[in-house]
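Written below as structure tokens is the structure these notes are about.
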Amino acid sequence: MQRSIGFKKINVAIFISGDGSNLKNLIYHSHKKNSKFKIALVISNVQKAKGLNYAIKFKIKNKIVNYSNFKDAEKKILIELKKNKINLICLAGFMKILSKKFIKNFNHNIINIHPSLLPKYKGLNTHQRAMDDKEKYSGCTVHYVSSKLDSGKIILQKKVKILKNDTLKILSNRVLKHEHLLYPKALNKVLSNL
Ligand code: GRF
């Protein structure tokens, strides 16, 4: 494990499957003067993921990994992680579950952002389910990844009030803005403990 001694930045890989707004935001934070991390690799399991365009625009090494064979996909990813000396993985809208073996192999240095107040609303359609249940709050959580869906130790969480006139779109967009504040904060917290 490399440590952040002096100028040495921590190499981070971001895993995506979709829009990549969290990726874009983390790239922005990585370019800040005192940033402790460098995004050295972007992995996508979706060839046409919009988020890949940010990797291309900012000249970040990126790989599309075909998941038709799960074991092979994870093997390929581990090779890329080694090759690029990655110390930490951030999942950002990555729609695949990582195996226990993969997580162990990567020494548990994997974090994820999830759009709910975990342990509530694991899985998909989180805001819709929170609205249907007449919850007062939705929100987002950054947590360590375990092989059980959305279940690892919580790093940081932000509550976001559900307002009377919220539609799914309005609420999702409002929470997403909070995700963009929460993820870099949580990442810095994790990096300072590496
Ligand atoms: C975010 O809501 C994140 O919490 C969830 O997937 C979404 C990804 O959004 N895991 P984006 O691709 O970063 O825009």
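The values are calculated or read from the model by the stated rules, or taken from the named source; none is laboratory data. Keep in mind that this is a model prediction, so the values were computed, not measured. With ideal geometry, Cβ positions are generated from the backbone for all residues, glycine too; neighbour counts draw on all protein chains shown. For the accessible areas, the whole protein counts, side chains as well, though only heavy atoms, and no ligand, DNA or RNA atoms are used. Shrake-Rupley method; radii C 1.70, N 1.55, O 1.52, S 1.80 Å.
Points to keep in mind about this one:
- Restricted to strands (runs of 3 or more DSSP E) entirely inside the range 1-101, those with at least 1 residues that are free of Cβ contacts under 8 Å to residues at least 60 places away in the same chain are 37-44, 62-64.
- Every pair of residues 6+ apart whose Cβ atoms lie under 7 Å, when the first sits in the range 137-155 and is in contact (Cβ under 8 Å) with a residue 40 or more places away in the chain while the second is within 14 Å of the ligand (Cβ to nearest atom) and of a type in the set (D, E, K, R): 140/158; 140/179; 149/122
- Residue check, residue 19 surrounded by fewer than 22 Cβ atoms within 10 Å (Cβ to Cβ), within 13 Å of the ligand (Cβ to nearest atom) and acidic (Asp, Glu): yes
- Test: residue in the range 108-122 that is part of a loop (DSSP other than H, G, I, E, B), at pLDDT 95 or above, among the aliphatic types (A, V, I, L, M) and in the same structural domain as residue 179 (by TED's automatic domain parsing): yes
Yes/no per residue for (1) of a type outside the set (Gly, Ala, Ser); (2) in contact (Cβ under 8 Å) with a residue 12 or more places away in the chain:
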{"site": "108", "(1), (2)": "yes, yes"}
{"site": "119", "(1), (2)": "yes, yes"}
{"site": "127", "(1), (2)": "yes, yes"}
{"site": "130", "(1), (2)": "no, yes"}
{"site": "158", "(1), (2)": "yes, yes"}
{"site": "165", "(1), (2)": "yes, no"}
{"site": "177", "(1), (2)": "yes, no"}
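- Taken over the range 142-167, the criterion of being assigned to a strand (DSSP E or B) and open to solvent by 90 Å² or more (accessible area, probe 1.4 Å) is satisfied by 159, 161.
To keep it simple, each residue is scored yes or no on (1) touching a Pro at 6+ places or on another chain (Cβ under 6 Å); (2) within 27 Å of residue 126 (Cβ to Cβ); (3) open to solvent by less than 20 Å² (accessible area, probe 1.4 Å).
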residue	(1), (2), (3)
58	no, no, no
64	no, yes, no
70	no, yes, no
75	no, no, no
85	no, no, no
89	no, yes, yes
104	no, no, no
112	no, yes, yes
